[in-house]
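Below you'll find the structure, written out as structure tokens, and then a few comments.
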Amino acid sequence: MPIQEAVIPYLLGNGNDVIALAQTGTGKTAAYGLPLLQKIDPQKDCVQAIVLSPTRELCLQIAGDLKDFSRYMPDIRILAVYGGSDIGSQIRALKRGIQIIVATPGRLIDLMERGAAKLEGVENVVLDEADEMLNMGFSESIDQILAGVPADRNTLLFSATMSQDIERVARTYLTDPKEIVVGSRNEGAEKVNHEYYLVHARDKYAALKRIVDYRPRIYAIIFCRTRMETQEVADKLIQDGYNAEALHGELSQAQRDLTMQKFRTKRVQLLVATDVAARGLDVDDLTHVINYGLPEDIESYTHRSGRTGRAGKTGTSISIIHLREKGKIRRIEREIGKKFVRCHLPSPREICIKQLYNVIDRLERTDVDEEQIAPFMPEVMRKLDWMDKEDIVKRIVASAFGRFAAYYDNAPVIEEPDEKSARDDDSGRRSDRQGKGRSRRDRGRGAVVEAEPGYRRLFINLGKRDGVYPREIIGLVNKYVGGSVDIGRIDLTANCSFFEVTEKDADAVLAGFRKASYKGRRVVVDDAEATGTKHSGGGHTRGGGHRDRNEDNGPRRNMHQDNDRGDRQGGKDDWKQFFKH
């Protein structure tokens, strides 16, 4: 593979620090794993190499690959250490002598603090999926681990994307590193096709079913934004008769291992997962990745789509979006250098024909073991003797195909917004942001934003100056509101933010936040329209984007100041009344 050809010769030397940027599925594990194994001295029982990974699943996967590579190197011992498993057995294994540790950062620090993981002899440190480790908040853990290994080590940093955090780690811990890029920085995987379906938010699940039903042999990961949404979608699919399972952080390690085992052996056809749980998973022959809504950042989309189209094979990344996520599609296109193709949902008739042909194909491909079934055939023939061939075929087809025919006979209508209305909506919002035909005062206040039908727009008194971004808002909703909440558009300004939830969830969200706090500060959430804060404040971009303006000196900034100062003089009476409420 290109990444292996570029990296392996360089890593065989000493003092050769590397930053390698390549998409997932391009053979990165072998690129660092093979030279790592060659440089191990089997006569030494001490730890000579560390591989850090962001998740338990990826940790086990890397350890398994390294063991496969070293099958004919019996004196090399490799150990995977990760949270959620018995630390005692890991300590005992380390005492017996381990040369390569593959670890998640948290568990490795636990072993270091207990004196079980002695790293004085480490010569090579690999950070795999480094960008995701930093996104998950492991920056301090990585700092602590790298401070505990010799300074004259080799440091190998592998990542799919190049972010500012990656550059900071490189500047701090790598010595004159060589940057090896396969493709271009932050480029999408070469063998992945990108498609999207544009629907209203209320029709996302129905659209998902049609997409899956039209592809009877689909083998896919369905990515959701939150744990609750992941479990909800998986439960719905299972209830509707699909072969699906959920994978998220609230499952025990045993449950996650069992789910992944079933998915890898194709006993599960659809894996519904969060970004973190599915990070770095290497599954053979994955045909599709389905984004049940786009992630908050483009780097996550790059990792998601990289689950398919691996090892030179072709895959497809499908996104189910609504009108307000259309702008995010365009931003992803620019970043990854790949074009998205808009697709239209298949009709009920097209789906039924596809499913019918699939039933017939399965019948044609079925191998018959004459010897095995011979003892049963006389009784079977006697039972079916009264039916002719045509009747038997009809009953077989009806038995295997009846569920789809019954559902799509009365399937709900899914309205797909046309591309022109989406473009008009985009241009109208851009015009508002640029302030064409508006006064300076109007531009400072921003365009009036209406909630999507079926959603209610809420105000929250936290903004970017508080370190709050979409991920934090979603986290607060998960923390203070029970059950599953469907979150729509999120708009951020410096001092406050706006987010949309479905009408059915709005009252529960308002009730859940009555006693909420963030970093010791009281959180206020209220109906944006009722409080006169329908404006986005300084313009907005589609799909939860944001930008600030210097002219934004209107009520939103006063609201933030009044909240900080209580009832001190200077805030408008109506805002004081609002915060008292």
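Whole-percent P(r), region 70-173, all Cα pairs, 10 Å bins from 0: 13, 45, 33, 8, 0. Volume per residue for region 42-82 equals 61 cubic angstrom (convex hull of Cα atoms). If R0 is taken as 30 Å, the Cβ-Cβ distance between Ala147 and Ile8 corresponds to a FRET efficiency of 0.55. Within the full protein context, the accessible area of Lys236 is estimated at about 80 Å² for a probe radius of 1.4 Å.
Contour minus end-to-end for Lys313 and Gln372, with contour as 0.36 nm per residue of separation and end-to-end as the Cα-Cα distance? Extra length available between Lys313 and Gln372 comes to 17.5 nm. Computed from the C-beta positions of Glu503 and Lys266, the FRET efficiency with R₀ = 30 Å rounds to 0.15. When you count the other C-beta atoms within 10 angstrom of each residue and take the mean per peptide, 389-399, 76-86, 260-270 line up highest first as 76-86, 260-270, 389-399.
For region 204-296, the C-alpha radius of gyration sits at 0.98 times the compact-globule guess of 2.2 N^0.38 Å, with N the residue count.
Between Ser139 and Leu363, the simple label model (points 7 Å from Cα in the Cβ direction) yields a spacing of 6.2 nm. Extension gain for Cys343-Arg521 works out to 59.5 nm (0.36 nm per residue, less the C-alpha to C-alpha distance).
Here the Debye sum runs over all C-alpha atoms of region 2-79 as equal scatterers in vacuum, and log10 of I(q)/I(0) at q = 0.11 Å⁻¹ comes out as -0.29.
Restricting the chymotrypsin sites (Phe, Trp or Tyr not before Pro) of region 294-386 to loop positions (DSSP other than H, G, I, E, B) with no more than 13 neighbouring Cβ atoms within 10 Å leaves Trp386. Normalised by the number of residues in region 58-145, the average gap of Cα pairs under 8 Å and 6 or more apart makes the relative contact order 27 percent. Summarising the label geometry, the points placed 7 Å from Cα in the beta-carbon direction at Arg331 and Arg71 lie 4.6 nm from one another.
When a 1.4 Å probe is rolled over the protein heavy atoms, the share of accessible surface on region 232-333 that falls to carbon and sulfur comes to 47 percent. Against the criterion of solvent-accessible heavy-atom surface with a 1.4 angstrom probe, Asp361, Asp409 sort, most first, into Asp409, Asp361. Note on Arg514 and Gln255: the model spin-label points, each 7 Å out from Cα along the C-beta direction, lie 3.1 nm apart.
Segment Lys479..Ser85, full-extension length gain: 139.2 nm, with 0.36 nm per residue of separation and the alpha-carbon distance subtracted. Using the Cβ-Cβ distance between Lys354 and Glu472 with R0 set to 30 Å, the FRET efficiency from 1/(1 + (r/R0)^6) comes to roughly 0.10.
The values are calculated or read from the model by the stated rules, or taken from the named source; none is laboratory data. Predicted model, so just to flag it, every value in this text is computed and none were measured. Virtual Cβ from ideal backbone geometry, glycine too; neighbours counted across all protein chains shown. When the accessible area is computed, the model is the full protein with side chains, heavy atoms only, and any ligands, DNA or RNA have been set aside. Shrake-Rupley method; radii C 1.70, N 1.55, O 1.52, S 1.80 Å.
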